[in-house]
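Visitor: One structure follows; several queries about it will come next.
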Amino acid sequence: MPFLIHNWSLVLIAVVSGGMLIWPVVSKGTRGGLSPNDAVQMMNRERAVIVDVCETEEFAAGHVAGARNIPLGQLEQRLPEVVKNKALPVILVCKSGGRAQRAERIAKSLGYDKAVVLAGGLGAWKDANLPLEKA
């Protein structure tokens, strides 16, 4: 015990560095979402619909192959038009995942219980070397 009292700064450094090592695992778990490979499986097996919530210009620059574009501000009005079957899984995508998280809440409030976010967004899709389209 005297060691801990005399070397409190070393103990503090050890605790902080341990927390920094654990943080990426904890934060990834709370963010949730599908990995790009899981998204492809869901598209193939369950006919999931990809909805890109980026603005039109971002969507034109590059998007997941086969994705439909509904900007986040229009999602509440247009999602029921684009995805009529609420039983189908809906994979929401944006550039990094932030807008897609908000879109997931909106989609679930509209009754799309199988709405999920692509973890890491379009960046994770590119990192997995999966196909992109340009409009």
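Only the coordinates and a few stated rules stand behind these numbers; no lab work does. No experiment lies behind these values; they were computed from the predicted model shown. Counting neighbours? That spans all protein chains shown, and the Cβs are built from the backbone with ideal geometry, glycine included.
Visitor: Calculate how steeply helix 36-46 sits against the longest principal axis of the alpha-carbon atoms of the chain, using the helix alpha-carbon long axis, and give the answer as 0 to 90 degrees to the nearest 10.
Guide: Helix 36-46 and the main axis of the chain meet at about 40 degrees.
Visitor: GNM, the chain, Cα, under 10 Å: largest mean-square fluctuation among G121, G73, G98?
Guide: Of G121, G73, G98, the Gaussian network model singles out G73 as fluctuating most.
Visitor: Points 7 angstrom from Cα along the Cβ direction at L4 and E46: gap in nanometres?
Guide: Reported label-point gap for L4 and E46 is 4.7 nm.
Visitor: Based on Cβ point charges of +1 for Lys and Arg and -1 for Asp and Glu, what charge dipole magnitude is obtained for the chain about its Cα centre, in debye rounded to the nearest 20?
Guide: Rounded to the nearest 20 debye, it is 260 debye.
Visitor: If you restrict to DSSP beta bridges whose two residues both lie in the chain, what percentage is antiparallel, to the nearest 5?
Guide: The antiparallel fraction comes to roughly 15 percent.
Visitor: Nearest 10 degrees is fine. How inclined is helix 98-109 to the longest principal axis of the chain, computing both from alpha carbons?
Guide: The angle comes out at about 60 degrees.
Visitor: Right, something else. What range in the chain is the longest one free of trypsin sites (Lys or Arg not before Pro) that are in a loop by DSSP and have at most 16 other Cβ atoms within 10 angstrom?
Guide: The segment 1-46 is the longest one with no such site.
Visitor: Still on this structure, please answer the following. How high is the relative contact order of the chain, in percent, counting Cα pairs under 8 Å that sit 6 or more residues apart?
Guide: 28
Visitor: Just how far, in whole angstrom, is the range 1-18 from the range 64-135 if you go by their alpha carbon centroids?
Guide: Using only Cα atoms to place each centre, the spacing works out to 46 Å.
Visitor: Here is a further query. From the helices alone, meaning DSSP H stretches of at least four residues, give me the mean residue ellipticity at 222 nm for the chain, per-run term -39500 (n - 2.57), in deg cm²/dmol to the nearest 500.
Guide: Only helices count here, giving -16000 deg cm²/dmol.
Visitor: Students often forget the sequence filter, so: which lysines lie under 18 Å Cα-Cα from K114 once same-chain residues fewer than 8 apart are removed?
Guide: Candidates past the 8-residue exclusion: K84, K86.
Visitor: On a straight-distance basis, which aspartates and glutamates could pair with K134 in a cross-link, Cα separation under 15 angstrom, same-chain partners fewer than 8 positions away excluded?
Guide: Within the straight-line limit of under 15 Å, K134 reaches these aspartates and glutamates: D52, E55, E57, E58.
Visitor: Let me ask another. Using 0.36 nm per residue of separation minus the Cα-Cα distance, give me the extension gain between D38 and A87 in nm, one decimal.
Guide: Result: 15.8 nm gained on full extension.
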